[in-house]
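*Asks:* This structure is in structure tokens; I'll ask about it shortly.
No value in this document is a laboratory result; all are computed from the given coordinates. All values reported here derive from a predicted model rather than from experimental measurement. For neighbour counting, all protein chains shown are included, and Cβ atoms are generated from backbone atoms with ideal geometry for every residue, glycine included.
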Amino acid sequence: MIFLDSLTHGIYVIVSLVNPTQIVLGGSVMMLNPHLLPLLKERLIKEMLPVQQESVASLVLSKYENNASLVGAGLSAL
């Protein structure tokens, strides 16, 4: 899957540069295809150095599903 390859590479770059404590994925593609998350984690583990692999556990789906932009807009208005 080209989409999954690109997403894996993008997340790998982010982890390598920023080392975030949590990575939250959202949007209709991920919400409608939750089976992609385990595949993504599996591919990331293969790509990452052992010291980076702890960040794979912090990869989660957004609890706001497809409404994240609405929540963000509402919070920025406050």
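*Asks:* When N is the residue count of the chain, what does its C-alpha Rg come to as a fraction of 2.2 N^0.38 Å?
*Replies:* 1.18
*Asks:* State the Cα centre-to-centre distance between region 50-68 and region 16-34 in whole Å.
*Replies:* 5
*Asks:* When the label point is put 7 Å from the Cα of Glu54 along its Cα-to-beta-carbon vector, which residues of region 1-23 have a backbone N closer than 13 Å?
*Replies:* Output list for this probe position: 19-22.
*Asks:* Length gain on complete extension for the stretch Ile45 to Asp5, per 0.36 nm per residue less the alpha carbon to alpha carbon distance?
*Replies:* Extending this stretch completely gives an extra 13.1 nm.
*Asks:* Now for a different question. Given contacts defined as C-alpha pairs under 8 Å and at least six residues apart, what's the relative contact order of the chain, whole-number percent?
*Replies:* This gives 39 percent for the chain.
*Asks:* Order by neighbour count: Thr8, Thr21, fewest other Cβ atoms within 10 Å first, most last.
*Replies:* Listed from fewest to most nearby Cβ atoms, that is Thr21, Thr8.
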